[in-house]
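The values are calculated or read from the model by the stated rules, or taken from the named source; none is laboratory data. Since this is a predicted model, take the numbers as computed values, not measurements. As a convention, Cβ positions derive from the backbone with ideal geometry for all residues, glycine included, and neighbour counts pool all protein chains shown.
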4 protein chains.
Amino acid sequence: MQTDRLQIWTEQGNVIISQLFFHHYKKIGITDSEAMLMMHIIAYSSEGNFFPTPQDLSSRMNLTLDEVSSGLQRMIQKNVLSIVQEIDEKGVLFERFSLMPLWNRLVDCVVVEENQTFTDQKKEEEGEIY
Amino acid sequence: MQTDRLQIWTEQGNVIISQLFFHHYKKIGITDSEAMLMMHIIAYSSEGNFFPTPQDLSSRMNLTLDEVSSGLQRMIQKNVLSIVQEIDEKGVLFERFSLMPLWNRLVDCVVVEENQTFTDQKKEEEGEIY
Amino acid sequence: MQTDRLQIWTEQGNVIISQLFFHHYKKIGITDSEAMLMMHIIAYSSEGNFFPTPQDLSSRMNLTLDEVSSGLQRMIQKNVLSIVQEIDEKGVLFERFSLMPLWNRLVDCVVVEENQTFTDQKKEEEGEIY
Amino acid sequence: MQTDRLQIWTEQGNVIISQLFFHHYKKIGITDSEAMLMMHIIAYSSEGNFFPTPQDLSSRMNLTLDEVSSGLQRMIQKNVLSIVQEIDEKGVLFERFSLMPLWNRLVDCVVVEENQTFTDQKKEEEGEIY
């Protein structure tokens with residue numbers, strides 16, 4: 001039936017990822033495989049799971065548990081992923097992934113590029129004067 | 001300045017990807033690397049570029065031109081990507097990627113799973129009766 | 001601090017609404033006020049609340065409780081909103097709003113327009129022949 | 001045909017709006033009618049039209065041209081909308097709406113609330129001490 005397929009589609013959640021990610025992840029030293037892992041973390045968080053286990057991640061990917069774990073460690077070392085502690089409404093401490101290090105690094109990329117463009121323009125203008 | 005970083009963020013476009021993709025791409029035989037390629041195609045289309053070249057794709061990924069090209073071919077053979085011809089407002093024929101084969105395969109996954117659940121429930125109910 | 005404002009922004013959820021809605025709601029007889037009510041229903045559902053009460057809706061809008069209630073009734077009568085019953089994982093029956101009537105009406109708009117364009121083109125071609 | 005309706009749906013663009021907007025617009029003195037106008041501006045910008053005319057906006061809404069114009073003026077006076085000048089790639093000056101005043105006001109709402117919560121907690125703690 002027509003409606004069913006459209007209904008299946010519209011009832012699924014969606015994952016929103018900034019174009020910043022696709023434009024700049026390579027520049028900040030993230031590999032394609034790590035980028036895919038990152039997007040699965042984002043997809044899980046969009047469903048309300050803010051601390052997916054290596055099993056969760058591995059189940060949807062072609063990576064083994066070990067590969068997922070070492071991937072997560074590498075991303076923490078590269079300072080694009082962090083684990084933060086928060087307190088829920090009942091006062092219980094829990095851990096979750098934070099992607100703020102990634103978002104800040106990506107915004108940094110744009111800031112650097114804009115400064116570079118500004119410097120180039122200024123040099124050009126000064127070049128024209130002298 | 002505070003505003004600047006928020007402004008940089010909000011002025012970027014976003015890429016929207018259905019949870020269907022993250023849940024089911026592995027089941028329909030798409031590798032992580034192909035999934036990443038697919039997402040770059042989606043990211044380009046979100047910016048209005050519906051037929052990115054292997055150069056475009058390779059520039060943002062860790063894949064070589066050859067790896068991108070063979071990845072695209074594999075996805076076309078696997079029937080998750082297609083190239084369609086359309087006619088623009090001026091009557092000029094142009095080619096673009098279509099992801100409809102992918103979306104349909106992903107919706108199929110849900111249909112199959114729902115039918116399976118339905119069959120299981122029916123069997124269970126019948127088992128209860130007899 | 002810079003990071004804070006960006007973090008506040010990125011930690012908020014988002015609401016995704018098809019362009020179909022903005023393009024066509026007027027055509028299917030939805031007023032601006034009803035459209036706003038509809039979007040609040042969509043916003044609540046994006047947060048996991050699939051059956052917001054008139055109180056919930058009124059608290060974020062300039063409408064009184066009575067205006068919200070009569071607005072919801074009007075949208076059900078116009079067949080753009082429905083209340084459906086579902087069964088949760090524990091087997092408990094619950095009610096929720098469904099926007100499928102709306103999505104189907106909006107897709108109908110596009111189907112009708114495409115058929116119209118097709119008919120016009122055909123007439124034009126026939127006109128050229130005879 | 002099944003595919004057609006799903007294809008119509010997936011080929012439409014989407015509009016992404018932060019939950020901040022739905023949660024807080026009322027608090028910063030935006031009416032439902034102005035909120036709807038704002039969302040149409042966001043919808044147009046998502047399609048690449050960053051300076052829709054009152055005609056554009058009125059055509060999709062129940063507001064007359066005059067009501068749209070006065071709505072835009074009110075939102076500029078309320079400092080939630082601004083008109084900014086930019087220079088395109090060819091060096092030509094053009095005008096566009098900017099929603100940065102709105103986004104900043106909405107983030108301010110969260111900052112104020114968080115400070116309030118912090119002050120309340122501190123008072124409570126001090127109350128406990130003395």
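Overview of values
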read-out	value
Failed criterion for A:I16 (all others in (1) part of a loop (DSSP other than H, G, I, E, B); (2) within 23 Å of B:I42 (Cβ to Cβ); (3) hydrophobic (A, V, I, L, M, F, W, C) hold)	(1)
Selection within segment A:24-52 - in contact with a Cys (Cβ under 8 Å, 6 or more places away or on another chain) and under 19 Å from B:D56 (Cβ atoms)	A:H24, A:K27
Residues located in segment A:11-38, provided they are farther than 24 Å from C:G48 by Cβ and of a type in the set (S, T, N, Q)	A:Q19, A:T31, A:S33
Within segment D:8-46, considering residues that are of a type in the set (D, E) and more than 7 Å from every other protein chain (Cβ to nearest Cβ), the one surrounded by the most Cβ atoms within 10 Å (Cβ to Cβ)	D:E34
Condition met for C:R105 (in a helix (DSSP H, G or I), basic (K, R), within 12 Å of the chain's Cα centre (by Cα) and surrounded by 14 or more Cβ atoms within 10 Å (Cβ to Cβ))	yes
Residue match in segment A:84-96 (condition: in contact with a strand residue (DSSP E or B) (Cβ under 9 Å, 6 or more places away or on another chain), part of a helix (DSSP H, G or I) and at pLDDT 95 or above)	no
Checklist (1) within 14 Å of chain C (Cβ to nearest Cβ); (2) under 26 Å from C:L57 (Cβ atoms); (3) of a type in the set (D, E, K, R); (4) surrounded by fewer than 17 Cβ atoms within 10 Å (Cβ to Cβ) applied to D:K78, failing item	(1)
Filter result for the condition that a residue is assigned to a helix (DSSP H, G or I), more than 22 Å from D:E11 (Cα to Cα) and among the hydrophobic types (A, V, I, L, M, F, W, C), over B:I8, B:I76	B:I8
Residue within segment C:83-95 that is basic (K, R), surrounded by fewer than 19 Cβ atoms within 10 Å (Cβ to Cβ) and either more than 11 Å from the chain's Cα centre (by Cα) or more than 11 Å from chain D (Cβ to nearest Cβ) (or both) present	yes
Lone unmet requirement of (1) surrounded by 20 or more Cβ atoms within 10 Å (Cβ to Cβ); (2) more than 7 Å from every other protein chain (Cβ to nearest Cβ); (3) within 21 Å of D:N104 (Cβ to Cβ) for D:V68	(3)
Qualifying positions in segment B:109-130 - within 14 Å of chain A (Cβ to nearest Cβ) and free of Cβ contacts under 8 Å to residues at least 40 places away in the same chain	B:V111, B:V112, B:E113, B:E114, B:N115, B:T117, B:F118
Residue list for segment C:1-22, filter: more than 30 Å from A:L106 (Cα to Cα) and without any contact (Cβ under 8 Å) to a residue 60 or more places away in the chain	C:F22
Leading residue by the ranking (farthest from B:V107 (Cα to Cα)) among those in segment B:24-50 that are under 14 Å from the mean Cα position of the chain (by Cα) and outside any helix (DSSP H, G or I)	B:F50
Whichever residue in segment A:51-63 is part of a loop (DSSP other than H, G, I, E, B) and surrounded by fewer than 17 Cβ atoms within 10 Å (Cβ to Cβ) and, among such residues, is nearest to the other protein chains (Cβ to nearest Cβ)	A:N62
Test: residue in segment A:50-65 that is touching a strand residue (DSSP E or B) at 6+ places or on another chain (Cβ under 6 Å) and of a type outside the set (V, I, T)	yes
